[in-house]
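Report on the following structure.
The values are calculated or read from the model by the stated rules, or taken from the named source; none is laboratory data. Quick caveat: nothing in here was measured; it's all calculated off a predicted structure. Reconstructed Cβ throughout: ideal geometry from the backbone, glycine too, with neighbour counts over all protein chains shown.
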Amino acid sequence: MIPLSQAFDLVIQNTGRLPAEKVELLQASGCVLAENVVSDLDQPPFARSSMDGYALRAEDAAQAPAQLQVVGFIPAGVFPDLKIEKGQAAKIMTGAPLPPGADSVQMIETTRPVAGNRVEILEAVSPGKNVSPRGSEAVAGQVVARAGSFISPAVIGLLAAVGKSEVPVYRRPAVAVIATGDELIDLTQTPAPGQIRNSNSLALAAQVAKLGARAALLGVARDQHQQIRELLQRGLAYDVVLLTGGVSMGDLDLVEDVFAELGVQVFFNQVAVKPGKPVVFAKLGEKLIFGLPGNPVSAATTFELLVRPALRKLMGFSVYQNQIVAAQLEASIKNRSQREFYAPATVWYDGRQFRVRPLESKGSGDQATYAQSNCYLICPREEMALHAGATVSVMLRPEFFYH
């Protein structure tokens, strides 16, 4: 049995990045950019008004109030065919090109229309006011998005602005999910005594999809050597295989025999973490194989601690783990497992600090309690208890951002 930190290091050290592929811009959302992207034009490509108002020469409104003759109107999307001379102004909309002769814009709220097609400027104007100069955001040939950048909606907008209809991204991993166990039945069936519905496969597939990878449900392998071998061989057509169940001490021989036949290299099969001690990490060539516990909370937790980091590295991310924050503990919690304990909990931000409350779970099969949590309260291996009021470490899960 190895510490979680060592298990994490082994996973990361033995995981590479997937090759890059070009995808349509909108399909790149949530991916990681594989190459630098440069601007094809100056951004903005012309001096641009950042306000609705009046384009003018600052020297004509250096003293306020000042009256100017209005000589035109400039909407966004139209390049002006007029020039601003001394004592003149043109009404202009946000985003419209600044006309020749003008060097500033006074926002409409500090102006007043005057008879005779004139405008009164109520506040003094300095050169460059409310104007974005040409190339002030980027110049042609400048790198605007670097390789390794997460492609957020904001980055999609930036890439569209520089004319990228396709972009190179690290390929999303394809993940095969296989459940094992004679007791498992389909979720549409009613369990007989000794049977349970196969919930792990759906939960793990949802975790994979939430991360932005592609999950494929390959079904259930009964506790038979040949079935496990056949499904595992199918799974090896994917980048990653998730086996759930069949890795506890009483079941491991069956899986280990299949691994030995196929030439799978096993890096570890037990980790000093609660929940989730019986967890396997292995490889065949460049294919990653994770054997996760059959208990639902253990499977979900080991996914977050070990599988998610591997998938993030495959996808090109440079940060692999979920974010860990310091929080004030609202209720005491015990840890007698002599393992690092990732306890389901609820965390919130009260405007000054994070606060966390552990949930009263009935164990690693308690899906109802786990479904109410949005984080893990981390109890160090050497700590027998953490007391209310203490500052503790909390790992945020994706659920935190939706609670």
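Summary table
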quantity	calculated
Residue ID - nearest to the chain's Cα centre (by Cα), chosen from residues in region 29-58 that are small (Gly, Ala, Ser) and over 25 Å from Lys91 (Cα atoms)	Gly30
From the options Thr94, Thr110, residue that is under 43 Å from the mean Cα position of the chain (by Cα), among the hydroxyl-bearing types (Ser, Thr, Tyr) and under 19 Å from Arg48 (Cβ atoms)	Thr94
Residue ranges of strands (runs of 3 or more DSSP E) in region 168-257 with at least 1 members of a type in the set (A, V, I, L, M, F, W, C) and surrounded by fewer than 22 Cβ atoms within 10 Å (Cβ to Cβ)	174-180, 214-221
Residue ID - nearest to Leu211 (Cα to Cα), chosen from residues in region 370-403 that are without any contact (Cβ under 8 Å) to a residue 60 or more places away in the chain and of a type in the set (D, E, K, R)	Glu399
Complete set of residues in region 133-190 that are touching an Asp or Glu at 6+ places or on another chain (Cβ under 6 Å), under 30 Å from Gly245 (Cβ atoms) and not small (Gly, Ala, Ser)	Arg171, Pro173, Asp182
Filter pass, Gln27 being without any contact (Cβ under 8 Å) to a residue 12 or more places away in the chain and not in a loop (DSSP other than H, G, I, E, B)	yes
Lone qualifier among Leu204, Leu232, Leu211, Leu159 - being out of contact with any Cys (no Cβ under 7 Å at 6 or more places or on another chain) and free of Cβ contacts under 8 Å to residues at least 60 places away in the same chain	Leu232
Subset of region 36-84 that is of a type in the set (D, E, K, R) and surrounded by 20 or more Cβ atoms within 10 Å (Cβ to Cβ) - its residue that is nearest to Ser104 (Cα to Cα)	Arg57
Qualifying residue in region 52-69 (condition: free of Cβ contacts under 8 Å to residues at least 40 places away in the same chain, assigned to a loop (DSSP other than H, G, I, E, B) and touching a helix residue (DSSP H, G or I) at 6+ places or on another chain (Cβ under 8 Å))	no
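Quick grid of which residues meet (1) outside the structural domain of Val307 (by TED's automatic domain parsing); (2) touching a Leu at 6+ places or on another chain (Cβ under 9 Å):
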site: Lys164; (1), (2): yes, yes
site: Thr180; (1), (2): no, yes
site: Ile185; (1), (2): no, no
site: Gln189; (1), (2): no, no
site: Ala209; (1), (2): no, no
site: Gly219; (1), (2): no, yes
site: Gln224; (1), (2): no, yes
site: Asp239; (1), (2): no, yes
site: Leu242; (1), (2): no, yes
